[in-house]
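Data block below; observations after.
Bear in mind that the values in this text are calculations on the coordinates, not laboratory data. The model shown is predicted, which means the values in this text are computed figures rather than measured ones. Virtual Cβ from ideal backbone geometry, glycine too; neighbours counted across all protein chains shown.
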Amino acid sequence: MLKNTVCRALFACAAMLIVGCKLDTSSVAPTQIIVEIDAEPEVRERMLTLQLHVVTATEAAKLASGTETLSKRIQPGQPGEPHWPISIALEPKAGQAVRIFAFTATALSDRDALIAERRVITSWVSGEVRALKLLLTEECFQVQCDALSTCNDGSCTDAYVDPRNLPLYSPSQRDAGEPDAAGGGGGWRPPVLDAGPAIDANVPTDPCLVNHGGCDELVSCTNQNGSAACGACPAGFTDSENDGSLCVDVDECSVNNGGCDARNGKCENTPGGRDCSCDAGYHGDGVHCTVNVQCKQSAACAPQATCKKLDDVQVCVCNSGFEGDGATCTDIDECARNTDDCRENALCANAPGSHSCPCLTGFSDVNGSCVDIDECTMAEHTCDTEPMACWNVLGSYSCLCPVGYTGDGRGAGGCVDIDECTLNNGGCHPMRQCLNTPGSVSCGDCAPGFRAVGAWACEDIDECAVNNGGCDVRRQCVNSAGSSSCGDCDTGYMPSGATSCTDNDECMVNNGGCDVRRACVNSAGGSACGACDTGWQTSGATACVDIDECAVNNGGCDPNRTCVNTPGGAGCGTCALGFAILGATACVDINECLVANGGCDVNRTCVNTAGGVSCGACMTGYEASGDTACVDINECSTNNGGCDPLRQCMNTAGGRTCGTCAAGYSPTGATGCVDVDECAMNNAGCGTNRVCTNSAGGFTCGGCATGFVPAPTGNNCVPAPTTPTTP
């Protein structure tokens, strides 16, 4: 018979993993357990996959044969996969006879070897959301416990946890509503496992859920108001404690030989009963035994029997491995009766009068034991080897492509790299370049106006945070995704061009509210009423009255010009240094900027001031250096000046140009580069009828095309010779 048969299967996921999401308590069912799984750095470094497994049952004692509701493998931190810590919501499904579940998280290596494992056995509390955290620790490295235990501090302990002892879940425990590195986030609806009625917080916990309520496994356990009531022991057992906690087998053979033939029968006690058989030289059902056929010599017996003297009578006795009355002996099939002594992973093969135990296919005999043959390490497989797709299983092997590849895994080329970049940009941010690699993926540079965050994400660069985004200091800078713009100017100013502001001259309307004989003086962001006409003086904020001109306000002359008073008027003399006479009363500032740009760099604006000069902003493509000079900005120092990474950026005065591309590429447009298909030009020199394979930035020359063979000399291939047909 087949011993210790091991089955391996891949299970479909019966529940969704909820990762990187915020619990919206306004939209989910009120009865849940939120499980958060994390791992210490040492465990994360060793593991490849995380196996999540959920089994439900009516009580803990039946979990070994319970219902599997979740079996899921994930690779935390990989593109498109959840990030540590992992969260999953477990929710009961009404109407099912399920009261308890076992949740197991197992960290596995690349060969499915155990790294660490944690398990919890619990249930739900009706109308409440409870929180549960499992940490895979280095102390539990390769510690595997039974189905009702878990590893704590390196040893196995009871895995049961009363759900009412779990803390209530609060969404603030983990703010998962923000987008994670894979771009996830937002509200969600938790999955519903194929579970059952939850525990009512107002009803005592069912004691039968744990350790079968202390009852013997042969009897039933009933919850009676929070106490376990054990049923009666079955026939063939006695209740040794008179409470159903321990059922002891009755030895029926100890009384009257168990009802077997008292003279010629044997009684063998079994759990809950007994078996009867006849002594050698007798046959029957064991309850009634009849002496075998009498004989004088073995020739009178069946070929498989021997004539022996028993109790002064010569009878035919079937040889070992046979049974019958001696006249007829039939082979005993030890394999069918399960009386063989075959070892594990061996096949029982019946033979006349005996049996043999050869090892099963896929196993070899090592020191008397049948040991699994690892076909993968012995190259006794037909799987792809680049990458290795062979996975050893008990008694055989399986071809399974590693993560990041697709295909049946059989033979060379059985595994083909998956281009993760074709799906959801490989998990990279939409504004970030996805770079496919064999079996994996990575993220490159972010688009202009964005900067990289971690391995996968991009975030917008707030241009307004530096130099107001290039806008006038009196103008609002408005940041947008990947760029910025200049908005409204401050009160008293109006936009000028894309970035500047100019003063709004209020004096242009109704003289700014001043007396018609009084000057309106515009100011930065406002206006005021100045001096009255000659011969007049101010009265209040806006009016004018006649005055002694020179006694007040220098007679109406410019402050930088002398006043010569005359009856009813005044005369104005010379202006101060840096000013020139303008008309009868005024002085005008000398614009030094008109000569040699006021001493400022030719690429910098000259700003005339009253009686002097200053240098303003430099032209686009330059930045200020000192009080008067400008220096060229090297645009190539940032993001390669917007040129393709494979194309040379050349700085120019006030700008930049994109030069030649790297070898194997040609320019496209003003900034881009495209791969040159060398194979399209003279087959890249590979030779006639030879396979040329283009690649990014280069090419490779392969073998000859189908039907051709290498020429005796040179790189060319010539038609393969044909075999003459024999007439």
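Once you keep just the Cα pairs under 8 angstrom separated by 6 or more residues, what percentage relative contact order results for the stretch 635-675? Once divided by the residue count of the stretch 635-675, the mean separation gives 33 percent.
For residue 491 and residue 609, FRET efficiency with R0 = 22 Å and r from the beta-carbon atoms, rounded to 0.05? After rounding to 0.05, the efficiency reads 0.35. The helix-only estimate of mean residue ellipticity at 222 nm for the chain, built from DSSP H runs of length n ≥ 4 each weighted as -39500 (n - 2.57), is 0 deg cm²/dmol after division by the residue total.
Excluding same-chain pairs closer than 8 in sequence, count the lysine pairs in the chain whose Cα atoms lie under 25 Å apart. Step by step, the pairs that qualify in the chain add up to 14.
For the pair the stretch 431-495 and the stretch 95-160, the centres of their Cα atoms are 45 angstrom apart. Counting only Cα atoms, the size of the stretch 463-502 along its three principal axes is 30, 14, 13 Å, in decreasing order.
Mind grabbing the base-10 log of I(q)/I(0) for the stretch 459-548 at q = 0.21, 0.25 Å⁻¹? Debye formula, identical points on the C-alpha positions, no solvent, two decimal places. Rounded to two decimals, the profile gives -0.89, -1.07. Across all Cα pairs in the stretch 508-602, the calculated P(r) in 10 Å bins from zero up to the longest distance comes to 17, 35, 32, 13, 4, 0 percent per bin.
The shape of the stretch 421-460 can be summarised by an equivalent ellipsoid whose semi-axes, obtained from the alpha carbon gyration tensor, come to 18, 9, 8 Å from longest to shortest.
Regarding the chain, what whole-number volume in Å³ per residue does the convex hull of its Cα atoms give?
Details: hull volume 257.0 nm³, N = 727.
Normalising the Cα hull of the chain by residue number yields 353 Å³.
Rg and Dmax of the stretch 360-475, based on Cα coordinates, read 25.1, 92 Å. Across the stretch 591-727, the relative contact order, built from alpha-carbon pairs under 8 Å that are at least six residues apart, equals 11 percent. Highest mean packing comes first when the peptides 379-387, 233-241 are listed by Cβ atoms within 10 Å, giving 379-387, 233-241. Annotation for the stretch 587-612 versus the stretch 270-336: alpha-carbon center distance of 132 Å.
Diagonalising the gyration tensor over the Cα atoms of the stretch 635-675 and scaling each eigenvalue by 5 before taking the square root yields semi-axes of 18, 9, 8 Å, largest first.
Counting only C-alpha contacts under 8 Å and six or more residues apart, can you give the relative contact order of the chain as a whole percent? Working shown, then result.
Values: 1602 pairs, mean separation 39.6, N = 727.
Relative CO of the chain lands at 5 percent.
A Cβ-based charge dipole, computed about the Cα centre of the chain with Lys and Arg at +1 and Asp and Glu at -1, lands at about 1140 debye. Among the trypsin sites (Lys or Arg not before Pro) within the stretch 203-279, those in coil by DSSP and having at most 16 neighbouring Cβ atoms inside 10 Å are 263. Each peptide in 349-358, 253-262 receives the mean, over its residues, of other Cβ atoms within 10 Å, and ordering these scores from highest gives 253-262, 349-358.
Restricting attention to the chain, close to 95% of DSSP beta bridges with both partner residues there are antiparallel.
When peptides 551-561, 113-123 are ranked by their average number of other Cβ atoms within 10 Å per residue, the highest-first order is 113-123, 551-561. For the stretch 544-557, 3J(HN,Hα) computed residue by residue from phi via the Karplus equation (6.51, -1.76, 1.60; θ = phi - 60°) reads 9, 9, 5, 9, 7, 4, 6, 6, 10, 6, 6, x, x, 6 Hz, glycine and proline entered as x. As a calculated quantity, the FRET efficiency between residue 113 and residue 248 at R0 = 41 Å, using C-beta atoms, amounts to about 0.45. Electrostatic bookkeeping for residue 589 treats Lys and Arg as +1 and Asp and Glu as -1; over the other residues with beta carbon under 14 Å from its beta carbon, the sum is -1.
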